[in-house]
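Reviewing the structure listed below.
The values are calculated or read from the model by the stated rules, or taken from the named source; none is laboratory data. Predicted model only: the values in this text are computed from it and were never measured. With ideal geometry, Cβ positions are generated from the backbone for all residues, glycine too; neighbour counts draw on all protein chains shown. Keep in mind that these areas ignore ligands, DNA and RNA; they rest on the heavy atoms of the full protein, side chains included. Shrake-Rupley method; radii C 1.70, N 1.55, O 1.52, S 1.80 Å.
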Amino acid sequence: MTVLPGGARFVSVSTEGTAKLWTLDGALERTFAVGSKVWCVAALPDGVHFVVGLGSGEHADKQVRLYHVDGTLVHTFKGHTKSVRAVAVTPDGQHIISGSDDKLVKVWSVATKSLVSTCEGHTNEVYAVAAMPDGQRILSGSSDNTVRVWRLNGTLENTFELHTGMANALVALPDNQHALSGSRDKTVKLFNVNDGAVLRTFKNHTTSVHCLTLLPGGLRFVSGGDDDTARIVE
C-alpha cells in the first residue's frame, strides 16, 4: 500500500491482479485490472501517478507499470526476468527503482521511459528498495541477508551484513545519512548508510518484519510483522 502525496487517497495492491485507489474514509474510487500478481506499489511525488511491480502471470510477467490515477496506463517498463518484488521512487519523481527475484535492482527514467542502470551484486532475490532523500543513492535489501547502497548509475558503494535473515523492508531517514531495515530475523535496525554502523536494534516483533514506514516528522516509524502486529516506535 502507498499513500498519495496530500494524504487524502491511497493505493492498495493484491496478488489477485488488481490495484485499487481509495479515499481515507474507505471509499473505493477506481480498480485497476492489472492482470497479473501485483507485489508492490509506490507513489510519485506529483500525487497523481503511482508505480507497481508485477509477478508471474499470463499477460504481464515481470513488469514495472506506471499508472495515472484516472486509470491510464502511462508506461510499461520491461527488463526484469523474474517477479518484481519492490519498487520505490526518488524524491524528485524522476526515477523509479525496482528490485526483483532475478537478483537485480534497476533504475528507470520517468521522463524518457528508459532504463538508466542495472545494479548487479546481490546473490539472491531483492525484496526491498528505497531511495535516499538526496535522490542520488538507493538502498536494496535481499534474501542474501545484505543491504546494499548504490549510486543511480549502478555503482555499488557499500554492502552491509546487518541481519542474520533476509532484509525485507527499507526506509530512508530525512537526514540523508541513516535508514531503517527490517528482517526475517525479527529485528529492525537503525544504521548509518555511509559505514553500516548500527545505532539501534529494535526487537519488537516475534516473527519476520515485512514492512516499514516513517510517520510525519521522521521521528517515529511503524513496523509490520508476521506476528500479525503493527508497532509504532520512537
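Figures for the structure shown
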item	result
Three-way shape label, the range 97-199, alpha-carbon gyration tensor, a/c 1.5	oblate
Rounded percent of accessible protein surface that carbon and sulfur make up, the range 112-230, 1.4 Å probe	46 percent
Segments 6-18, 176-188 sorted - mean Cβ within 10 Å per residue, highest first	176-188, 6-18
Other-chain or far-sequence residues with amide H under 5 Å of H210's (modelled H)	G224, G225, D226
Area accessible to solvent at W150, 1.4 Å probe radius, in Å²	0 Å²
Peptide ranges 107-120, 22-35 listed from the most packed, as the mean C-beta count within 10 angstrom indicates	107-120, 22-35
Dipole in debye (nearest 20) - the chain, about Cα centre, beta carbon charges: Lys, Arg +1; Asp, Glu -1	120 debye
Residue-normalised accessible area of the range 19-75, given per residue in Å² at a 1.4 Å probe	43 Å²
12 Å Cα-Cα reach of K106 towards aspartates and glutamates, excluding residues that sit fewer than 8 places from it in its own chain	E120
Given [x] 50; [y] 44; [z] 63, the label whose value is percent of Cα pairs over 23 Å apart derived from this model	[y]
Options V48, H163, L24, ranked by Cα towards positive dipole end of the chain, top entry (Cβ charges)	V48
